[in-house]
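Engineer: I have a structure here, written as structure tokens, and I will follow up with some questions on it.
The values are calculated or read from the model by the stated rules, or taken from the named source; none is laboratory data. Just so it is clear, the model here is predicted, and its values are computed rather than measured. Neighbour counts run over all protein chains shown; Cβ positions are idealised from the backbone, glycine included. Note: accessible area is taken over every heavy atom of the protein model, side chains too, but ligands, DNA and RNA are not part of it. Shrake-Rupley method; radii C 1.70, N 1.55, O 1.52, S 1.80 Å.
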Amino acid sequence: MPLVYQQNINAVTKMGVWHITEPESFFLKEVPLQKEITHPHKRLQHLAGRFLLKELYPDFPLTLIKIAETRKPFLENDLFHFSISHCGAYAAVIVSKTYRAGVDIEQQTGKVQTIVHKFLTAEEQQLLHNAGIDKTATVLWSVKESVYKWKGSGGVDFRKHINIQSVKGNADEGVVHCMFDNTIPLHVHYLFFNGNFLTWVLTLQ
């Protein structure tokens, strides 16, 4: 079973990454396809993410998942807080019984470097220049994606609402300190493995 990474972050929060090598039929034996998805690979990613929810928490109520207008999946009454991300052949999930959570997985490529002006302020671009960590542009993009998923509502501007203060770590792992909307401090963790960056953030609501 290609559960390539799992971390029990605390007593009520688990995170995992699944390397998708199985056919669609493997996942359909265990999880329902809750919406029509025509693209075969996107359908496979969708199924793998939900399969991983059950892998981490066998009692996770998949059939109760609803989709918000922002396309964020959620459970009413906050039975579980969770976030799902897909990239290429990987699906990442974070699930918590208590903490609001966001997760993102991004393949390291040079493409992000060409759009840094769209998601980083001038000050953040200077931080990127000074960080001295290879692949930092992809890390910062993934960090902002995790924060966006943590927030879970529309209208979030990556440059205006998510401000990166500092990067502490090395090329493989570390913590990025952010402010959301100039009021909420966030500590977003990152980990590099198998050519991908995994980032995640947790808060008590």
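Engineer: Just wondering, is there one or more residues in segment 34-46 that are among the charged types (D, E, K, R) and in contact with a strand residue (DSSP E or B) (Cβ under 7 Å, 6 or more places away or on another chain)?
Structural biologist: Looking only at segment 34-46, we keep the residues that are among the charged types (D, E, K, R), and these are 35-36, 42-43.
Narrowing the set further to residues that are in contact with a strand residue (DSSP E or B) (Cβ under 7 Å, 6 or more places away or on another chain) leaves none.
No, there is no match, as no residue in segment 34-46 is among the charged types (D, E, K, R) and in contact with a strand residue (DSSP E or B) (Cβ under 7 Å, 6 or more places away or on another chain).
Engineer: Among the residues in segment 1-19, are any touching a strand residue (DSSP E or B) at 6+ places or on another chain (Cβ under 8 Å), of a type in the set (D, E, K, R) and open to solvent by 20 Å² or more (accessible area, probe 1.4 Å)?
Structural biologist: Looking through segment 1-19, at least one residue is touching a strand residue (DSSP E or B) at 6+ places or on another chain (Cβ under 8 Å), of a type in the set (D, E, K, R) and open to solvent by 20 Å² or more (accessible area, probe 1.4 Å).
Engineer: I've got another one for you. Considering only segment 117-148, how many residues are outside any helix (DSSP H, G or I) and at pLDDT 85 or above?
Structural biologist: Restricting attention to segment 117-148, the residues satisfying the condition of being outside any helix (DSSP H, G or I) are 120-121, 132-135.
Retained after the next criterion (residues that are at pLDDT 85 or above): 120-121.
Going through segment 117-148 one residue at a time, the tally reaches 2.
Engineer: Would you confirm whether any residue within segment 155-164 is closer than 22 Å to Phe74 by Cβ, touching a His at 6+ places or on another chain (Cβ under 7 Å) and of a type outside the set (Gly, Ala, Ser)?
Structural biologist: The answer is no, given that none of the residues of segment 155-164 is closer than 22 Å to Phe74 by Cβ, touching a His at 6+ places or on another chain (Cβ under 7 Å) and of a type outside the set (Gly, Ala, Ser).
Engineer: So Val31 fits all but one of (1) farther than 18 Å from Phe60 by Cβ; (2) surrounded by 15 or more Cβ atoms within 10 Å (Cβ to Cβ); (3) modelled with pLDDT under 95; what number is the exception?
Structural biologist: Val31 satisfies all of (1) farther than 18 Å from Phe60 by Cβ; (2) surrounded by 15 or more Cβ atoms within 10 Å (Cβ to Cβ); (3) modelled with pLDDT under 95 except (1).
Engineer: If you don't mind, there's one more thing I want to ask. In segment 149-205, which strands (runs of 3 or more DSSP E) lie fully inside it and hold 3 or more residues that are surrounded by fewer than 16 Cβ atoms within 10 Å (Cβ to Cβ) and either at pLDDT 95 or above or touching a Leu at 6+ places or on another chain (Cβ under 8 Å) (or both)?
Structural biologist: Once the strands (runs of 3 or more DSSP E) in segment 149-205 are filtered for at least 3 residues that are surrounded by fewer than 16 Cβ atoms within 10 Å (Cβ to Cβ) and either at pLDDT 95 or above or touching a Leu at 6+ places or on another chain (Cβ under 8 Å) (or both), what remains is 173-180, 184-193.
Engineer: Determine whether Thr114 is part of a loop (DSSP other than H, G, I, E, B), open to solvent by 10 Å² or more (accessible area, probe 1.4 Å) and either of a type in the set (Phe, Trp, Tyr) or free of Cβ contacts under 8 Å to residues at least 40 places away in the same chain (or both). Give the steps one after another, and end with the answer.
Structural biologist: Values: part of a loop (DSSP other than H, G, I, E, B): no; open to solvent by 10 Å² or more (accessible area, probe 1.4 Å): yes; either of a type in the set (Phe, Trp, Tyr) or free of Cβ contacts under 8 Å to residues at least 40 places away in the same chain (or both): yes.
No; evaluated as a whole, the condition is false for this residue.
Engineer: Hey, another quick one. For segment 59-91, give me each residue that is at pLDDT 95 or above and in contact with an Asp or Glu (Cβ under 7 Å, 6 or more places away or on another chain).
Structural biologist: If the condition is that a residue be at pLDDT 95 or above and in contact with an Asp or Glu (Cβ under 7 Å, 6 or more places away or on another chain), then Ser85, Cys87 are the ones that fit.
Engineer: Just give me the residues in segment 77-111 being open to solvent by 10 Å² or more (accessible area, probe 1.4 Å) and of a type in the set (Val, Ile, Thr), in sequence order.
Structural biologist: Within segment 77-111, Ile84, Thr98, Thr109 meet the criteria.
Engineer: Still on this structure, I have one more. Taking segment 133-148 only, how many residues are within 19 Å of Ile84 (Cβ to Cβ) and open to solvent by 10 Å² or more (accessible area, probe 1.4 Å)? Even if it seems obvious, please write down each step before you answer.
Structural biologist: Start the filter on segment 133-148 by keeping residues that are within 19 Å of Ile84 (Cβ to Cβ), which leaves 141-148.
Next cut, open to solvent by 10 Å² or more (accessible area, probe 1.4 Å) only: 141, 145, 148.
Residues in segment 133-148 being within 19 Å of Ile84 (Cβ to Cβ) and open to solvent by 10 Å² or more (accessible area, probe 1.4 Å): 3 in total.
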